[in-house]
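The values are calculated or read from the model by the stated rules, or taken from the named source; none is laboratory data. If you're wondering where the values come from, they're calculated on a predicted model, not measured in any experiment. Neighbour counts are summed over all protein chains in view; Cβ atoms, including those assigned to glycine, are modelled from backbone coordinates with ideal geometry.
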Amino acid sequence: MGSEMLSKASLKLIIILLVIVIITSNLYWKFTDDSIQANNQMMITLRMNNTVSDFYQDLRDVYLWNMPESNGIFENATKRNLNLGANLAKHDIGIINWSSFGCVNWNFTETRYFEYTGTHSYDDARAILQFFINVSGVQSNDSVTEIVEKILWKVHEYITYSQDITYRCISPWETLSFGSGDCDNFSILVAALFELAGIDSAIASYYQQDSDYGHATVLIHSDDVSLNGIPSYSNLTVLGLSEGKWIIIDPQSTIEEQHDSTFFSKWHIRAATDV
């Protein structure tokens, strides 16, 4: 009798465990399926078509090849590339100033885009970047630290590192569409996202002593005490940036990975341009 009761109890326990396993499994696969669908939807939203891709390539050609070299605006190739990257970032958040850098054909390129799409390129790009900020979970009342943390995490989750074969500045929208980029592309993208989210940002270029290696990061203009401990500069007016503290943000890393005490011993800042 006792053995029969024990057997029934064991059977009941097994049935309960099976039910738990089935429910848990169903919840897991539902969550996984929802995540896959959400990720697929994000990829579809961020993906650009051939018209947009051609627009950015035409814009690069206009900027790089139709500008006179002797106009005194650029000190060297590094500064010139930084300015192109910063202007791509500004374009993608709706700040248009190509003509101030001598791009007289900018209006023609934009007019052709409008004729083909019925919209302006900068409006379309800004909507894409705002979508990415929204899916990052950024709220209007977030602190600077919270904005930085959320955007870095989403970029870390969605964008993978990919080395350039030949150097080419990529717009934020292009990097989101590709889902990959190098340190320059990460920096242009993240600086644009920070700026659109209300954080004063810049792009910086670095070199190593006695080395051909270079690097790029984002700089943010903030006194948020929560970011204390992250490497920063007290003043970069010599490079043309506004007075005050500029915090170094490596766009390829999460906020927890920003506290690199060896940064200044490895990298020396060469140039910087605000977004």
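Among residues of segment 233-252 being more than 12 Å from Val148 (Cβ to Cβ) and in contact with a helix residue (DSSP H, G or I) (Cβ under 6 Å, 6 or more places away or on another chain), the one that is surrounded by the most Cβ atoms within 10 Å (Cβ to Cβ) is Gln252.
Just one of the listed residues (Gln37, Gln57, Gln41) is farther than 23 Å from Ala89 by Cβ and either hydroxyl-bearing (Ser, Thr, Tyr) or modelled with pLDDT of 70 or more (or both), namely Gln41. Put simply, of Tyr213, Tyr206 the only residue that is farther than 22 Å from Asn141 by Cβ, among the aromatic types (Phe, Trp, Tyr) and touching a residue at least 12 places away in the same chain (Cβ under 8 Å) is Tyr206. Go through the residues of segment 253-269 one by one and say whether even a single one is β-branched (Val, Ile, Thr), assigned to a strand (DSSP E or B) and surrounded by 14 or more Cβ atoms within 10 Å (Cβ to Cβ). Yes, the conditions are met somewhere in segment 253-269.
Each row is one residue, and each column tells you yes or no for (1) within 15 Å of Asp274 (Cα to Cα); (2) of a type outside the set (Val, Ile, Thr); (3) at pLDDT below 95.
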residue	(1), (2), (3)
Thr160	no, no, yes
Leu189	yes, yes, no
Ile199	yes, no, no
Gly214	no, yes, yes
Leu219	yes, yes, no
Trp246	yes, yes, no
Ile249	yes, no, no
Ser253	no, yes, yes
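Restricting Asp200, Asp250, Asp223, Asp260 to residues that are assigned by TED's automatic domain parsing to the domain that holds Gln163 and out of contact with any Asp or Glu (no Cβ under 8 Å at 6 or more places or on another chain) narrows the list to Asp223. Every condition in (1) surrounded by fewer than 24 Cβ atoms within 10 Å (Cβ to Cβ); (2) out of contact with any Pro (no Cβ under 9 Å at 6 or more places or on another chain) holds for Val155 except the one numbered (2).
Each row is one residue, and each column tells you yes or no for (1) basic (Lys, Arg); (2) surrounded by fewer than 23 Cβ atoms within 10 Å (Cβ to Cβ); (3) touching a Lys or Arg at 6+ places or on another chain (Cβ under 9 Å); (4) closer than 20 Å to Met48 by Cα.
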site	(1), (2), (3), (4)
Asn141	no, yes, no, no
Val148	no, no, no, no
Ile165	no, yes, no, no
Leu189	no, no, no, yes
Ala192	no, no, yes, yes
Tyr206	no, yes, yes, no
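None of Asp250, Asp210 is of a type in the set (D, E, K, R) and under 22 Å from the mean Cα position of the chain (by Cα) except Asp250.
Only a single criterion out of (1) under 17 Å from Trp153 (Cβ atoms); (2) in a strand (DSSP E or B); (3) within 13 Å of the chain's Cα centre (by Cα); (4) β-branched (Val, Ile, Thr) is not satisfied by Ile220, namely (3). Suppose the filter is among the aliphatic types (A, V, I, L, M), in the same structural domain as Val62 (by TED's automatic domain parsing) and in a loop (DSSP other than H, G, I, E, B); does Leu193 pass it? No: the conditions fail for Leu193.
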